[in-house]
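All remarks here apply to the structure that follows.
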Amino acid sequence: MPTLRPPTFALPLTLAALMIGTSACGSRVGEETAASGESASCLDTSGDTVKIGLLNSMSGTMSISETTVRRSLELAVEEINAAGGVLDKQLEVVTEDGASEPTVFAERATKLIQSDCVAAVFGGWTSSSRKAMLPVFEDNDALLFYPVQYEGLEASDNIFYTGATTNQQIIPALDFLKDELGARSLFLVGSDYVFPRTANAIIKAYAEEHGIEIVGEDYEPLGSVEGIPTIVNRVQSSGADAVFNTLNGDSNVSFFTQYANVGLAADTMPVLSVSIAEEEVPGVGVEELAGQYTAWNYYQTVESAENEKFVAAFKAAYGDDAVTSDPMEAAYTSLYLWKGMVEAAESFAVGDVQDAADGVSFDAPEGSVTVNGDNHHIAKTALIGQINPAGLIDTVWSSGEPIEPDPCLEDYAWAESIEKDQTYC
Amino acid sequence: MLELSGVRIAYGRTEVVHGVDVRVPADGVAVVLGHNGAGKTTLLRAAVGLLRPRFGRVLLDGEDVTALRPYERVRRGLAYVPQGQQAFPQLTASENLQLVADGRKDGEARTDEALDLFPALRPLLGRRAGLLSGGQRQQLAIARALLTAPRMLILDEPTEGIQPSVVTEIQEAILSLTRRGGLSVLLVEQHVGFALTAASTYYVMESGRVSASGDGGPASSGAVRAAMAI
Amino acid sequence: MTANWGRRAGVLGAYALALALLFGAAPLLLTDFRLRLLAQFLCLAMVAVGIGLAWGSGGMLTLGQGLFFGLGAYIMAIHLQLADAGPGGRPAFMVTGSGVPWWWELFRSPVTAVLGIVAVPGLLALLLGLGVFRRRVKGAYFAILSQASAAAFALLLISQQNSIGGSNGLSSFRSFFGFTLADPVNRRMLYFIAAGVLVGMVATVHQLRRSRYGELLTAVRDGEERVRFLGYDPALIKVAAYALAAVFAAVGGALFVPIVGIISPNSVGVVPSIGFLIGVAVGGRATLLGPVLGSLAVSYAGSTLSENFESVWIYLQGLLFVLVVAFLPAGVGSMPGVLRRWGGRRDPAPVPAGPALVDDPGPASAVPAVHTGGA
Amino acid sequence: MDAVLGQLYAGISLGSVLLLIALGLVLTFGQMGVINMAHGEFLMAGAYTAFVVQQVFDSAGLSLLIALPLSFLVGGLLGVLLEVTLISRLYSRPLDTLLVTWGVSLVLQQLARDLFGAPAVEVRAPRWLQGNVEVFGTPFTTGRLFIVALAVTSVAVLSAVLRFTALGRRIRAVVQSRGLAETSGIDSRRTDRISFFIGSGLAGMAGVALTLIASTQPYMGQTYIVDAFLVVVAGGVGQVRGAVLAAFGLGVLQAVFAYSQSVSTAKVLLLLVVIAFLQLRPQGLFSVRTRSLV
Amino acid sequence: MRQDYLEIRGLRVAFDGFVAVDGVDMTVLQGDLRFLIGPNGAGKTTLVDAITGLTPATGSAKFDGVQLLGKKEHQIARAGVGRTFQTASVFEQLTVLQNLDIAAGATRRRLGLLRARRAVPPSVELAMETTGLTRLRDRLAGELAHGQKQWLEIGMLLVQNATVLLLDEPVAGMSADEREQTGELLRRVRRDHVVVVVEHDMEFLRAYADSVTVLAAGKKIAEGTYAQVQADPRVQEIYLGPGHTAEVS
């Protein structure tokens, strides 16, 4: 090709453009950001509706779990709207798909806040999706309600955590294993990601304090099953009193099948799982799971008027086969808690809602829950359950009363050795 | 038996056969002579269906087979022994034959018959074809072609590159086949003498065209040599 | 000569239009959110430019660009984390161990970070490429190997919870080389940088394509053996394009981090690596602008469609792959030509597939082993 | 309990799974050079076949026995459908088959999601495949023994078919020289189609086997596809014995890594070993001089 | 002027037990237009493959005192040995000019590659003239006629600065006119090149060969002028066929 030479001028042009770009730059670190305060919200409360955003993975690997959360969120919206809305405004839902990708969560969260101008966003499941959204909510000064138990050690002003933090799930579970089952040695099995790793760090600190021996620790890559026989071999030869299981998702199928097949059973070496809820039970296999333990704050079998209503409404909406589980209940609850906060603040503005949050409580299906204004978690009752042959979970132990959330484990002396996120703890 | 009419063949944009007519009469033997690169092999490949001519038709026993795939032509009685002693190298000699005999009621009988033609193959049946000598592979190739009970046999330089002792064997086998009747043969050959001994018709190709043609037999040797500029 | 002038004017015009759109219209017309999205797409388009070079011009189907994208992104993320943590500080996420790994310290300085973003993936590609191309591994083997390398990289990241955040990845960046990321003005600046870098990459590829090197690369794609007999070592020619594609991917990854705010193994494994290819295939792998435009279009379509119809996008993505690659291997731009051909006479090859009836391929190895579509 | 024996068994059982999945690819990739990324989804289809059969037949044992041949049929038919509609147009562009079939796999995954829902479904194992057999004090789980047996049987049957039957001869002939096969009266396209049917059918059957040890969900195929191709490539394309060796080699190696290092780094190490191996020996363990893709 | 020559001693190529070239000796001097003939399968192409590094071989093949066997293809090419292929293998997606320019460039400095071509190198200009392709310089090589492609390949060898030219059936498929032009072309280049032509075309051979080497079944069976070779009874028997012997003699 003869003498076309655009790049020779394109290059200087590009450089020039770059220089214009960088010279017109904004604030540097340390300077006060003029913009961040005012960019906060484009929320329009003039009409008789108010928008909220639901952001869950409707596609990709996480959609298995997150679609159920979406359903209970939608159920709560319907109920609230039917009962007159929030501050006399009907809720208008904007839904987005997080596609099981943290980057998509961040992108869609930005869209919900900046383009759709929602009053609050409800959703997220994996820690990575929450971590991806966190800066978005902080930078835009918006609100996220996150409905899943997680590894703790975080407390952003812009997130309300309505699932359990570690001292409402892991620590009660350990207490149960130690006191009720008399376990003196544990084997830790988990998927290889942040929640199991953090949970196990906490468990190890706890074990050291209480004279429990950790006889093994193994991680299976998320979504993989290839290492399961090795893990089960190790578990079997470890002679542990019990197994603490933080495996997530499909790895559980392989784990429990193999576990049962090599002859291990709940009465000889019980497994306590913190990521298996009612909706996962059929996929893993009721036969393999029956008799094993779980730790949550809610089960479908919880006996309360609120729960009866919740389960009935859910079944009415999604069929008799539909089951309810802890994250679904926490999501359902999160909407009511937001409603409570808004009504206490008599305002949809983020700052007002944050200020009014402390002490807001709700008679949730799991029992009464109360928002802690300092760390934005909620006080919840811990329940240890045992999986029954019908695939539901029966409560076998309860903390009796709601446990105050302590995401940074400040009240546990033995937890000092654990490294914590300096930003929040 | 076989008729190629107005056949033009191109590789990509380059036409290499420019309108060729070749006829093989029933029970006849036609030979195509010519230098390398003249388009002989290309023409044969079109005749068996490995190439599709750009224009022109291929008739087998009066039926237009231009659009048929090679195996369909084989089932209509066309057999082909390609250039270069080709066999399935990882299959044993016997598998090479059985492959074709499979599903034929007369498979066993025909295998025997073909092996009678090349008795040297019998002790080698268990050996992988890739390990046979060129001459043995060529015999195997002809035997394999005969198993399909052809009425029309196409041979592409059957004695090229084969040790002289075996050449004679193969030539004799071909001659015996042509004399048996019921089989028409199209032969590409560089050995003019042998070619003309076998042929009832000859064609000389040059640069993708037929430059001369006529009746076979040793008498036409002079004309052929002149046409081929030997 | 007039034809040349016409073409030259056309090219100039195209560049001018692109610059006007990128630097003028987009920042003026788009909201902050859309602009951020566009910036994100531009980063992905950088990967596509590289793939266009390696695959389109060079015939190397790289199914593992996530590896290089991830390397660039993680190096940038490590630098940003350290910068946020302040001198001697430790990033917030490292909750279950103590101390910062030594290799993090390499990227504490902005200079080494920027160098690392270019050098680490570049050198790795050089090593991998030389190993593979020297042994004349090509075609499907190369594709599968590169795919396996992306898979291994993603697994490695996931297994390193404490040093690089495991499956959570790295996120929550506050600043970018001293500029607060929360400030919309700085976000705009990021967009301009991404746009500028992308234009620079396109210009580089343009220059390469018309250079002697570009001709040589095409020659290697179409006849590697032949090039060898001309006295060149094709491995070197290929590895250069492969490494450059790796660097482009890495730079795209590095800019992706401050723009999107997170990098996690989800963005670097097998699936996203193949995802990078859709845009390139749709736009036309062997053209200059095809990969960029295709990538932008696919990103945009993915974002809008999945906003509205969740599962439809997956179907569409799958069908796009099928239809474009199977029926329009030269990209959507080739549609008119293909339609014309379909309208005309079609002559299917009589022997269905693959190898011809030649036992000794001999110089047939000089015939392209891989069909890469029209130029 | 003998830990070494236990680990060896773990390795062999993983090797069997890999082998079952890769065996089909040996045919399709080896014979036709088709890089079928949707192979994993045929596996998924096989697993869902088992699920559907179980809805009809109550007895888990009976339904497993019905599901095995049926899944072969389902996988095979899907394969033939793919071959006829798309792949047959792409034989001259092997790399493009990779991309096209990737697109197909996306569609099939989403289709499975829309048909069966995103959550994993339960496929119950029959009573006789639960529990274990003790050998030298080491429990050999019967479910995995069944998979080992199925893999060994499949290899044996496939090898026998390839070696001793007319179909096998045709398949091998087409692999070695397509043109020569055609002119020997073999319909090479039909042979391709049959190969594709068998190869894809094997994937479907592997899917049923997987339901015994892993979850049945729309994305299950993707988990294995890269590994399966590595097995085929490492074994030498088109080589059954190579695939057998590579699959068991990789399985045992994974078990060794998992035991000596940790499960989570085992996979990374394994992939790195394979990549390094293929750099040293790009033709794989075994190679024949055919027109392969190298 | 120093005379370059190609010297082959005891060259042997074996595949899987099959010996394709079996101990061939051959010396070709500059200025000697050498033809290599023999029936199909005689090992002609394999011999060329071995010299150019495509096939591993034992024995010796030296040019300019440099042992070629064991070197990689591109190193052999850089040592001054160039070849063409039976089926013209030019880069179809590139123009004539680009094809030649690439061939001329193996020894260019690396960084120079990154620039576009500003002017046509004189050697390329010359090669286009020599091969008569100047008019077609901007045509895609894929669009050329068969003969033109062959000339382009020869042109590529010329600009490649190869001193040894190994041509595999350069006139196959050419018309009489084209053959003649090719022959003249070869005559022109033989003066400063060592030229070996693998060819079947007897007429072409007779018209242009200075000397002929005959191979059969991997062995050299005769060597000499056309007349000498033609008169050799073994050549007549093996190459021209048994039926031929009587009439010619």
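Once you have the alpha carbon radius of gyration of segment A:113-169, what is it after dividing by 2.2 N^0.38 Å, with N set to its residue count?
Values: Rg = 11.2 Å, N = 57, 2.2 N^0.38 = 10.2 Å.
After normalising by residue count via 2.2 N^0.38 Å, the value is 1.10.
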Q. Based on DSSP H assignment, which helices of chain E show an axial Cα extent of at least 15 Å together with a mean Kyte-Doolittle hydropathy greater than or equal to -0.5?
A. E:146-159
Q.
Quick query: amide H of E:VAL66 versus all other amide H atoms, modeled in the peptide plane; which residues come in under 5 Å with a sequence gap of 5 or more or a different chain?
A. none
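Roughly how big is segment B:77-147's charge dipole about its Cα centre, with Cβ charges of +1 (Lys, Arg) and -1 (Asp, Glu), in debye to the nearest 20? List each step's numbers first, then the result.
On the way: 8 positive and 7 negative charges, 46 e Å.
Charge dipole of segment B:77-147: 220 debye, to the nearest 20.
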Q. Given C:LEU130, B:PHE118, B:PRO89, which one lies farthest toward the positive end of the charge dipole of the protein assembly as shown, if we put +1 on the Cβ of every Lys and Arg and -1 on the Cβ of every Asp and Glu?
A. B:PHE118
**Q.** Pairwise burial D:A, computed as accessible area of each alone minus the pair, summed, 1.4 Å, Å²
**A.** 2800 Å²
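Given a 1.4 Å probe, how much area per residue of the protein assembly as shown is accessible, in Å²?
On the way: 53600 Å² over 1573 residues.
It amounts to 34 Å² per residue over the protein assembly as shown.
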Q. Percent of alpha carbon pairs in segment D:2-280 separated by more than 30 Å?
A. 29 percent
Q: For chain B, state the average projected area of the convex hull of the C-alpha atoms over all orientations, rounded to one decimal in nm².
A: 12.0 nm²
(Q) Do any residues of segment E:154-177 show a loss of at least 40 square angstrom of accessible area between the isolated chain and the full protein assembly, using a 1.4 Å probe, and if so which? (A) none
Q: Kindly identify residues of segment C:201-220 having a loss of at least 10 Å² in accessible area between the isolated chain and the assembly of all protein chains, probe radius 1.4 Å.
A: C:ALA203, C:HIS206, C:GLN207, C:LEU208, C:ARG210, C:SER211, C:ARG212, C:TYR213, C:GLU215, C:LEU216, C:THR218, C:ALA219
**Q.** Unit charges on C-beta of K, R, D, E only; dipole of chain E, Debye
**A.** 1200 debye
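Can you pick out the pairs among C:LYS138/E:LYS71; C:LYS138/E:LYS62; A:LYS111/A:LYS309; E:LYS62/E:LYS219; A:LYS315/A:LYS420 whose Cα atoms lie more than 30 Å from each other?
C:LYS138/E:LYS62; A:LYS111/A:LYS309; A:LYS315/A:LYS420
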Q: Could you point to the residue in A:VAL284, C:SER303, C:GLY275 farthest towards the positive end of the protein assembly as shown's charge dipole, with +1 and -1 charges on the Cβ of Lys/Arg and Asp/Glu respectively?
A: C:GLY275
Q) Pick from A:ASP241, A:ASP411, A:ASP394: which is most flexible by mean-square fluctuation in a GNM of chain A where alpha carbon atoms under 10 Å apart are linked? A) A:ASP411
**Q.** Long-range amide H partners of E:LEU36 with built H, under 5 Å
**A.** E:VAL197, E:VAL198, E:GLU199, E:THR213
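Express in % the proportion of alpha carbon pairs of segment A:213-336 at distances exceeding 23 Å.
Working: 2877 of 7626 pairs.
Counting pairs separated by more than 23 Å, the tail of P(r) holds 38 percent.
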Q) Using every alpha carbon pair in segment D:11-65, what percent of pairs falls into each 10 Å bin from 0 up to the bin containing the largest distance? A) 22, 35, 33, 10, 0
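Tell me the mean residue ellipticity at 222 nm calculated for chain D from its helices only (DSSP H runs of n ≥ 4, each -39500 (n - 2.57), averaged over every residue, nearest 500).
Taken over chain D, the calculation gives -25000 deg cm²/dmol.
For a test of the definition: using alpha carbon positions, the gyration tensor, and the 1.5 limit on a/c, classify segment C:11-267 as rounded, prolate or oblate.
Numbers: a/c = 2.39, a/b = 1.29, b/c = 1.85.
Oblate, because a/c is 1.5 or more while a/b does not exceed b/c.
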Q: Can you give me the three principal axis dimensions of chain E from its C-alpha atoms, in Å, biggest first?
A: 61, 40, 40
Q: Please build a GNM for chain B, connecting alpha carbons under 10 Å apart, and tell me which residue among B:PRO218, B:PRO70, B:PRO53 fluctuates the most.
A: B:PRO218
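Give me the summed buried accessible area for the B-E pair, 1.4 Å probe, to the nearest 100 Å².
On the way: alone 10430 and 12340 Å², together 20990 Å².
By this definition, chains B and E bury close to 1800 Å².
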Q.
Residues of segment C:230-248 losing 20 Å² or more of accessible surface, assembly versus chain alone, probe 1.4 Å, please list them.
A. C:LEU230, C:GLY231, C:TYR232, C:ASP233, C:LEU236
Q. Per the 1.4 Å probe, what fraction of the accessible area of the protein assembly as shown, in percent, lies on carbon and sulfur atoms?
A. 57 percent
Q.
Which of C:PRO110, C:PRO184, C:PRO291 ends up with the largest GNM mean-square fluctuation for chain C, with Cα atoms connected below 10 Å?
A. C:PRO184
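Under the Kirkwood approximation for Rh and a Cα-based Rg, what ratio Rg/Rh is obtained for chain A? Present the calculation step by step, with values, prior to reporting the outcome.
Details: Rg = 23.6 Å, Rh = 22.9 Å.
With Rh from the inverse mean 1/r over Cα pairs, Rg/Rh is 1.03.
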(Q) Once you keep just the Cα pairs under 8 angstrom separated by 6 or more residues, what percentage relative contact order results for chain D? (A) 37 percent
**Q.** Computed log₁₀ I(q)/I(0) - Debye formula, equal Cα scatterers, no solvent, segment C:6-148, q 0.12 Å⁻¹
**A.** -0.76
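Based on Cβ point charges of +1 for Lys and Arg and -1 for Asp and Glu, what charge dipole magnitude is obtained for segment D:2-280 about its Cα centre, in debye rounded to the nearest 20? List each step's numbers first, then the result.
Values: 16 positive and 12 negative charges, 127 e Å.
The dipole of segment D:2-280 has a size of about 600 debye.
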Q) Taking each full run of DSSP H in chain D as one helix, which ones are at least 27 Å long along their axis (Cα atoms) and have mean Kyte-Doolittle hydropathy of at least -0.5? A) D:3-32, D:60-85, D:94-116, D:142-164, D:188-211, D:240-260
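Once every DSSP H run of n ≥ 4 in chain E is given -39500 (n - 2.57) and the sum is divided by its residues, what mean residue ellipticity at 222 nm do you get, rounded to the nearest 500 deg cm²/dmol? Present the calculation step by step, with values, prior to reporting the outcome.
On the way: 9 runs with 82 residues, N = 249.
Helix-only estimate at 222 nm: -9500 deg cm²/dmol.
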**Q.** Square roots of five times the Cα gyration tensor eigenvalues for segment A:319-362, Å
**A.** 28, 9, 8
Q: Enumerate the amide H contacts of A:SER273 below 5 Å, restricted to partners 5 or more residues apart or on another chain; note that Pro and chain-start residues carry no placed amide H.
A: A:ASN245, A:TYR293, A:THR294, A:ALA295
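Return the calculated 222 nm mean residue ellipticity for chain B, to the nearest 500 deg cm²/dmol, obtained by summing -39500 (n - 2.57) across DSSP H runs with n ≥ 4 and dividing by the residue count.
Values: 8 runs with 80 residues, N = 230.
Value at 222 nm, helices only: -10000 deg cm²/dmol.
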Q) Angle, helix C:234-260 long axis vs. longest principal axis of chain C, Cα atoms, 0 to 90°, nearest 10? A) 40 degrees
Q) Can you pull the mean other chain C-beta count within 10 Å for peptide A:61-69? A) 4
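Would you calculate the convex hull of the Cα atoms in segment C:155-212 and tell me its volume per residue in Å³?
Details: hull volume 8.3 nm³, N = 58.
It is 144 Å³ per residue.
State, in square angstrom and to the nearest 100, the accessible area buried between chains A and C, both chains counted, probe radius 1.4 Å. List each step's numbers first, then the result.
On the way: alone 18040 and 19080 Å², together 31820 Å².
The contact between C and A buries close to 5300 Å².
Inverting the mean 1/r over all pairs of different Cα atoms, compute the Kirkwood radius of segment E:90-162 and quote it in Å. Intermediate values should be presented prior to the final figure.
Details: mean 1/r = 0.0830 Å⁻¹.
For segment E:90-162, inverting the mean 1/r across all distinct Cα pairs yields 12.0 Å.
For Cα pairs less than 8 Å apart in space and 6+ apart in sequence, what is the mean separation divided by the residue count of chain E, i.e. the relative contact order in percent?
For chain E, the relative contact order is 27 percent.
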Q | Paired Rg and Dmax values of the protein assembly as shown, which use every Cα atom, in angstrom | A | 36.9, 120
**Q.** Residue (of A:LEU409, D:LEU167, D:THR216) at the positive-pole extreme of the protein assembly as shown, dipole from beta-carbon charges
**A.** D:LEU167
Q: Quick one: angle between helix A:251-261 and the longest Cα principal axis of chain A, in degrees between 0 and 90, rounded to 10, please.
A: 10 degrees
Q. To the nearest 10 degrees, how steeply does helix C:32-51 sit against the main Cα axis of chain C, on a 0 to 90 scale?
A. 50 degrees
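The values are calculated or read from the model by the stated rules, or taken from the named source; none is laboratory data. These figures come from a predicted structure and were not determined experimentally. Positions of Cβ are generated from backbone atoms using ideal geometry, with glycine treated the same way; all protein chains shown enter the neighbour counts. Ligands, DNA and RNA are stripped out before the accessible areas are found, and what is left, the full protein with its side chains, is counted by its heavy atoms. Shrake-Rupley method; radii C 1.70, N 1.55, O 1.52, S 1.80 Å.
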